[in-house]
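Novice: Have a look at this one before I ask anything.
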Amino acid sequence: MRISVIGCGYLGAVHAACMAKLGHDVVGIDVDEHKIAELSAARAPFYEPGLEDLLREVQGTGRLTFTTDMATARGSDVHFICVGTPQKKEENAADLTYVDAATQALLPYLSAGDIVVGKSTVPVGTATRLRAMIENSGADTELLWNPEFLREGHAVSDTLNPDRLVYGVFDGSEDQRAVQILDGVYASSLAAGTQRLVTDLPTAELVKTAANSFLATKISFINAMAELCEAAGADVTLLADAIGMDDRIGRKFLNAGIGFGGGCLPKDIRAFMARAGELGADQALTFLREVDAINMRRRTRVVELTRELCGGSLMGQRITVLGAAFKPESDDVRDSPALSIAAQLQLQGAVVTVTDPKALANAARRFPELHYEEDTERALANADALLLLTEWSEYRDIDPYDMAVHVAAPKILDGRNVLDPAKWRAAGWTYRGLGRP
Ligand code: UDX
């Protein structure tokens, strides 16, 4: 099939490469010339495991091209809208400027019978509005909403092997040409047994925000338990293991620590609350305000614990932060709890050095006031305290005996509860976890 992918950011670049891998002829379109130049040279504009290899592989077949020219969308069977929906400045609501502009720019190039498929995370009601925009333009093109559930760091495999496919269609009916076309796009996943659910447009939009809200709630739930464990002298990691053995609860997404960040969960729950307010249903989501508050409280708690670890004052303390990305296997620092904590510590008088295997360039753009060091050993030389804030495997595997010789004082705060306290204490370290005695 011929496919155009509009928006070549995180979602679009991965989607375009994966669609070409599935055997389709794909053009990726974006207004950002630099991004298009990078992708055309098979370079990913961000770090995502496996993406550059995949770009090289599929560009070699001639099935994937990138351009800034929207006219190349003409003649595609399917046009995927993959642009970003960031949080508005000073507001909780999502900024729909890019989604609207992309759809508007696509209108002149639509042909009868092709379909437009939204993948971006949008406030419920957006798809119906965009569908009217297409209809009013006179184009005979159906719009579907097909939310994307990929996780950064696993984006390629999540896109190639999704755990479910959700298609939102105007009348919610499975029995129509547009659904068959989208089935053609995902034929290999469907043949491999991936579940496919057809819904109306608003339900499909809500599936994505509801899923992310549930995940955020699960993380904040365990972080609230971590607060209680700290007060009661209990261990949240054992608590999570025990409640997670109940398969109605499950152990995944029950890792207490410094809380969630990134380009999705924080902004999605805020946009969801804002949208509920517009719909007169704000009470239904007041709990998400608490989910957000618990999450932000983790950051403050880490700053307090670091102060305790440093003997009551942060002034002049040399603190090394291991990890800047919002999660491992990513160079994404959007709403990264690690960087927010590092900046707070520095504001309160500490001398902070941040290290990360992939995210330092992005971190330095966002927080130029912090000091960065690529080499882990150099980063922790003479540190008064270490903070492990992003659980990259290289930090999880640090040998406490080897590291002890480099630091000024062997003190570590494990912000992700991934180290073995007994091992670190045996090596002479003062170890603090979150929600652990
Ligand atoms: C999320 C959703 O998982 C994905 O389905 C959706 O498409 C986009 O948003 P992503 O933002 O890539 O994906 O990361 P995710 O793995 O969900 O982690 C989000 C944040 O939660 C990270 O900061 C992570 O460190 C944190 N987290 C995750 C926890 O603090 N504890 C956990 O148990 C799990």
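We did not get these values from a lab; they are worked out from the coordinates using the rules stated. In this text, all values refer to a predicted model and were calculated from it rather than measured experimentally. Neighbour counts run over all protein chains shown; Cβ positions are idealised from the backbone, glycine included.
Novice: Using only Cα atoms and rounding to the nearest 10 degrees, what angle (0 to 90) does helix 201-232 make with the longest principal axis of the chain?
Specialist: Around 10 degrees separate the two axes.
Novice: Now for a different question. Distance check, please: which entries in Lys327/Lys358; Lys119/Lys218; Lys88/Lys119 exceed 22 angstrom between their Cα atoms?
Specialist: Those over the limit are Lys119/Lys218.
Novice: A further question follows. Considering only DSSP states other than H, G, I, E and B, which trypsin sites (Lys or Arg not before Pro) in the range 1-63 qualify as loop sites with at most 15 other Cβ atoms within 10 Å?
Specialist: Arg43
Novice: Semi-axes, largest first, in whole Å: what does sqrt of 5 times each Cα gyration tensor eigenvalue give for the range 383-437?
Specialist: 15, 12, 11
Novice: Next question. Find the eigenvalues of the gyration tensor of the Cα atoms of the chain, then list the square roots of 5 times those eigenvalues as equivalent ellipsoid semi-axes, largest first, in whole angstrom.
Specialist: Computed over the chain, the values are 42, 24, 19 Å.
Novice: Based on the mean of other beta carbon atoms within 10 Å per residue, what is the order of 338-351, 183-196, most packed first?
Specialist: The most tightly packed comes first, giving 338-351, 183-196.
Novice: Using a simple spin-label model with points 7 Å from Cα along the Cα→Cβ vector, what separation in nm is obtained for Thr61 and Glu377?
Specialist: 4.4
Novice: Could I ask something else about it? Chymotrypsin sites (Phe, Trp or Tyr not before Pro) within the range 220-287: which are DSSP loop residues with at most 10 other Cβ atoms inside 10 Å?
Specialist: Those that pass, being in a loop and sparsely packed, number zero.
Novice: Just to be sure I understand the model, the point goes 7 Å from the Cα along the line to the Cβ. What's the resulting Thr97 to Phe253 distance in nm?
Specialist: If labels sit at Thr97 and Phe253, their model points lie 3.1 nm apart.
Novice: Same structure, new question: On full extension of the chain, what length is gained from Val31 through Ala234, given 0.36 nm per residue of separation minus the C-alpha to C-alpha distance?
Specialist: Extra length from Val31 to Ala234 when fully extended: 67.8 nm.
Novice: To the nearest 0.05, how large is the calculated FRET efficiency for Asp53 and Arg366 if R₀ is 41 Å and r is the Cβ-Cβ distance?
Specialist: That pair, Asp53 with Arg366, gives E of 0.90.
Novice: What do you get for Rg/Rh of the range 2-193 when both radii come from the Cα atoms and Rh is the Kirkwood radius?
Specialist: Looking at the range 2-193, the ratio lands at 0.94.
Novice: Starting from the Cα gyration tensor of the range 334-437, take the square roots of the eigenvalues, sort them a ≥ b ≥ c, and report rounded, prolate or oblate (rounded when a/c is under 1.5, otherwise prolate if a/b is larger than b/c, else oblate).
Specialist: Judged from the Cα gyration tensor, the range 334-437 comes out prolate (a/c at least 1.5, a/b above b/c).
Novice: Please find the FRET efficiency linking Ser157 to Met315, where r is the Cβ-Cβ separation and R0 is fixed at 51 Å, and quote it to the nearest 0.05.
Specialist: That pair, Ser157 with Met315, gives E of 0.65.
Novice: Using alpha-carbon positions, what is the distance between the centroids of the range 119-161 and the range 286-334, in Å?
Specialist: Answer, in whole Å: 34.
Novice: Starting from the Cα of Tyr401, step 7 Å along the direction of its Cβ; do the same at Arg164; then give the gap between the two resulting points in nm.
Specialist: So the two model labels end up 4.9 nm from each other.
Novice: Counting only DSSP beta bridges with both residues in the range 235-437, tell me the antiparallel percent, nearest 5.
Specialist: So the antiparallel bridges in the range 235-437 amount to around 0 percent.
Novice: Not counting the cut sites, what is the longest span of the chain without GluC sites (Glu not before Pro) that DSSP labels loop and that have at most 16 other Cβ atoms within 10 Å?
Specialist: 175-368
Novice: Just to be sure I understand: of the beta bridges DSSP finds with both ends in the range 66-166, what percent are antiparallel, rounded to 5?
Specialist: Looking only at bridges with both residues in the range 66-166, the antiparallel portion is about 10 percent.
Novice: For the range 235-437, what size does the Cα cloud have along each of its three principal axes, sorted from largest down, in whole Å?
Specialist: Principal axes ranked by extent give 58, 41, 32 Å for the Cα atoms.
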